[in-house]
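Peer 1: Please read through the structure below; I'll follow up with questions.
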Amino acid sequence: MSDSLSEIKRSLQHKITAQIKQKGAISFAQFMQMALYEPGLGYYSAGLHKLGSAGDFVTAPELGSLFARCHAVTFARVLTAVTRPTVVELGAGTGRFCVDVLQALDQLGVLPERYVVVEISGDLRAVQQQAVAQLPAHLARLVSWEAQPPATPFNGIVFANEVLDALPVEVFRWQDTQYQRLMLVDQGGQLTEVWHGFDHAMAAQLDQMDLQVESGHRGEFIPQLKPWLASITAGLQQGMVLLVDYGFGRRTLYHPQRRHGTVVCHRRHQANFNPYQDVGLQDITAFVDFTAVAEAMEAAGLTVQGYTTQADFLLATGIEQWLDPAAEFTAHYRLVTEMKQLVLPEEMGEKFKTMVGTRGLSVAIPGFQHNRFNDL
């Protein structure tokens with residue numbers, strides 16, 4: 001480990017330990033917030049290479065342009081249905097989706113008036129700006145960057161790919177006929193798990209989920225999901241919110257086969273289940289409860305129009321149309337390989353889900369011909 005990475009790790013651990021000393025214990029959600037987002041030190045704030053072959057993990061847009069081309073079909077339907085449309089992308093990674101979807105929309109003859117990238121990471125913003133600078137001028141000028149979603153009213157689209165899974169989660173277990181909250185203390189310089197009771201508000205939140213889990217079951221939930229979703233959609237007057245991530249409906253997510261929870265960490269394309277190692281140097285995620293996402297959309301005044309697997313969404317938006325068997329072999333093979341990674345069940349096809357909510361919009365949203373509302 002380089003000296004700079006070691007310093008990031010030491011400094012972040014010191015801050016976390018200081019919080020524990022001040023409060024006696026901190027929740028897993030606070031630990032995750034600091035590990036990922038602490039200014040200058042957290043995983044998404046410290047200038048580390050995160051995405052792509054040289055980083056820690058690969059997202060769907062990094063595989064090629066097929067993911068963005070399919071989403072352009074859906075985007076185009078909404079962009080033509082509203083006036084002065086804006087696209088807001090949350091957490092744009094390397095900027096690959098932004099670049100590819102704008103080019104695809106340009107080919108369809110449907111462009112937004114502006115494309116706003118909401119990015120809190122300074123190093124990722126720099127990577128995104130470099131990527132966007134390679135676009136033709138008429139596309140590059142559409143793109144701007146903000147630290148928060150637009151607060152002023154706009155029509156159009158809010159899009160997020162693999163953002164929900166990185167929102168801080170509370171970890172619970174059902175024990176002795178009650179929910180217990182995972183807290184962290186410092187014992188001899190080591191982060192150690194202990195269990196406390198939940199406060200009334202969080203206990204009520206869990207009770208409302210009606211999980212029906214067995215004794216000893218451990219799981220996670222996003223405590224701030226409703227206010228977060230309300231905040232990212234506050235300015236949206238007419239349009240859609242499209243969220244893509246890995247997860248399940250509630251009954252499946254909290255099935256006994258996942259009784260040990262779903263927290264998983266990523267570093268250098270290797271997964272592990274220890275969030276307390278390499279703090280600040282690895283990603284920490286949890287599978288998404290899409291039933292909770294639907295509830296949050298409805299609480300924010302959105303209508304849930306669609307919920308399906310990534311495979312069904314991409315097939316419904318015509319992913320096969322870009323595969324030309326008569327094309328040069330290497331190019332054709334690359335696209336076939338990309339498509340397999342996106343849609344096969346053992347790859348991203350079934351694990352990743354897509355959910356769309358709309359506000360003030362009556363058009364049918366392409367990609368949701370095979371809804372799976374029964375899974376929620």
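Peer 1: All but one of (1) hydrophobic (A, V, I, L, M, F, W, C); (2) open to solvent by 10 Å² or more (accessible area, probe 1.4 Å); (3) closer than 26 Å to Asn374 by Cα hold for Ala271, so report the exception by its number.
Peer 2: (3)
Peer 1: Go through the residues of region 341-353 one by one and say whether even a single one is modelled with pLDDT of 95 or more, among the polar types (S, T, N, Q) and outside any helix (DSSP H, G or I).
Peer 2: no
Peer 1: On to the next question. Criterion first (part of a loop (DSSP other than H, G, I, E, B) and at negative phi) does Glu338 satisfy it?
Peer 2: Details: part of a loop (DSSP other than H, G, I, E, B): no; at negative phi: yes.
No: the conditions fail for Glu338.
Peer 1: Something else now. Is one or more of the residues making up region 84-96 crowded, with 23+ Cβ neighbours inside 10 Å, in a helix (DSSP H, G or I), at pLDDT 95 or above and in contact with an Asp or Glu (Cβ under 7 Å, 6 or more places away or on another chain)?
Peer 2: For region 84-96, residues crowded, with 23+ Cβ neighbours inside 10 Å, in a helix (DSSP H, G or I), at pLDDT 95 or above and in contact with an Asp or Glu (Cβ under 7 Å, 6 or more places away or on another chain): present.
Peer 1: Of a type in the set (Val, Ile, Thr) and closer than 26 Å to Phe290 by Cα: which single residue out of Val194, Val185, Val158 fits that description?
Peer 2: On the way: Val194 fails: closer than 26 Å to Phe290 by Cα; Val185 fails: closer than 26 Å to Phe290 by Cα.
Checking each option against the conditions leaves just Val158.
Peer 1: Looking at region 121-138, can you tell me whether even one residue there is free of Cβ contacts under 8 Å to residues at least 12 places away in the same chain, closer than 23 Å to Val58 by Cα and either of a type in the set (A, V, I, L, M) or in a loop (DSSP other than H, G, I, E, B) (or both)?
Peer 2: The answer is yes; a qualifying residue exists.
Peer 1: Can I ask one more? Go through (1) under 30 Å from Ala271 (Cα atoms); (2) touching a residue at least 60 places away in the same chain (Cβ under 8 Å); (3) among the hydroxyl-bearing types (Ser, Thr, Tyr) and name the single condition Thr152 misses.
Peer 2: (1)
Peer 1: Is it true that some residue in region 326-339 is within 22 Å of the chain's Cα centre (by Cα), of a type in the set (A, V, I, L, M) and surrounded by fewer than 20 Cβ atoms within 10 Å (Cβ to Cβ)? Show your work before the answer.
Peer 2: The first filter runs over region 326-339 and keeps only residues within 22 Å of the chain's Cα centre (by Cα), leaving 338-339.
Next cut, of a type in the set (A, V, I, L, M) only: 339.
From what is left, the residues that are surrounded by fewer than 20 Cβ atoms within 10 Å (Cβ to Cβ) are none.
Scanning region 326-339 turns up no residue that is within 22 Å of the chain's Cα centre (by Cα), of a type in the set (A, V, I, L, M) and surrounded by fewer than 20 Cβ atoms within 10 Å (Cβ to Cβ).
Peer 1: What number of residues within region 156-186 satisfy the criterion of being more than 22 Å from the chain's Cα centre (by Cα) and either in a strand (DSSP E or B) or at pLDDT 95 or above (or both)?
Peer 2: The initial filter retains those residues of region 156-186 that are more than 22 Å from the chain's Cα centre (by Cα), namely 173-186.
The next check asks that each one be either in a strand (DSSP E or B) or at pLDDT 95 or above (or both); those that pass are 173-175, 178-186.
Result for region 156-186: 12.
Peer 1: Looking at Ala160, Ala126, Ala147, can you tell me which residue is farther than 25 Å from Val356 by Cα and of a type in the set (Gly, Ala, Ser)?
Peer 2: Values: Ala160 fails: farther than 25 Å from Val356 by Cα; Ala147 fails: farther than 25 Å from Val356 by Cα.
That would be Ala126, the only listed residue that is farther than 25 Å from Val356 by Cα and of a type in the set (Gly, Ala, Ser).
Peer 1: Can you find a residue in region 141-149 that is open to solvent by 10 Å² or more (accessible area, probe 1.4 Å), modelled with pLDDT under 95 and of a type in the set (Gly, Ala, Ser)?
Peer 2: yes
Peer 1: Then there is this: From (1) surrounded by fewer than 18 Cβ atoms within 10 Å (Cβ to Cβ); (2) among the hydrophobic types (A, V, I, L, M, F, W, C); (3) under 21 Å from the mean Cα position of the chain (by Cα); (4) closer than 15 Å to His71 by Cβ, pick out the condition that doesn't hold for Trp322.
Peer 2: (3)
Peer 1: Follow-up. Return a yes/no flag: does region 260-267 have any residue that is open to solvent by 10 Å² or more (accessible area, probe 1.4 Å), farther than 21 Å from Leu66 by Cβ and of a type in the set (Gly, Ala, Ser).
Peer 2: If we filter region 260-267 for residues that are open to solvent by 10 Å² or more (accessible area, probe 1.4 Å), which is where we start, we get 260-264, 266-267.
Still in the running and farther than 21 Å from Leu66 by Cβ: 260-264, 266-267.
Subset that is of a type in the set (Gly, Ala, Ser): 261.
Yes, there is a match, as at least one residue in region 260-267 is open to solvent by 10 Å² or more (accessible area, probe 1.4 Å), farther than 21 Å from Leu66 by Cβ and of a type in the set (Gly, Ala, Ser).
Peer 1: Can you pull out every residue in region 217-242 that is over 16 Å from Ala160 (Cβ atoms), crowded, with 21+ Cβ neighbours inside 10 Å and in contact (Cβ under 8 Å) with a residue 60 or more places away in the chain? Walk me through how you get there before you give the answer.
Peer 2: So the first thing to find is which residues in region 217-242 are over 16 Å from Ala160 (Cβ atoms), and the list is 217-221, 223, 237-238.
Still in the list and also crowded, with 21+ Cβ neighbours inside 10 Å: 219-221.
Scanning region 217-242 gives Glu220, Phe221.
Peer 1: Also: Yes or no: region 345-353 includes at least one residue that is touching a Leu at 6+ places or on another chain (Cβ under 7 Å), more than 30 Å from Val82 (Cα to Cα) and crowded, with 16+ Cβ neighbours inside 10 Å. Reasoning before the result, please.
Peer 2: If we filter region 345-353 for residues that are touching a Leu at 6+ places or on another chain (Cβ under 7 Å), which is where we start, we get 348-349.
If we keep only those that are more than 30 Å from Val82 (Cα to Cα) as well, we get 348-349.
Right, trim to crowded, with 16+ Cβ neighbours inside 10 Å and you get 348-349.
Checking region 345-353: at least one residue is touching a Leu at 6+ places or on another chain (Cβ under 7 Å), more than 30 Å from Val82 (Cα to Cα) and crowded, with 16+ Cβ neighbours inside 10 Å.
Peer 1: Would you check which residues across region 271-296 are of a type in the set (A, V, I, L, M) and part of a loop (DSSP other than H, G, I, E, B) and list them? Steps first, please.
Peer 2: Restricting attention to region 271-296, the residues satisfying the condition of being of a type in the set (A, V, I, L, M) are 271, 279, 281, 284, 286, 288, 292-294, 296.
Correct list: Val279, Leu281, Ala286.
The values are calculated or read from the model by the stated rules, or taken from the named source; none is laboratory data. The structure presented is a predicted model; accordingly, all values stated were derived computationally and were not measured. We place every Cβ from the backbone using ideal geometry, glycine too, and count neighbours over all the protein chains shown. Surface areas here come from the heavy atoms of the whole protein model, side chains and all, with no ligands, DNA or RNA. Shrake-Rupley method; radii C 1.70, N 1.55, O 1.52, S 1.80 Å.
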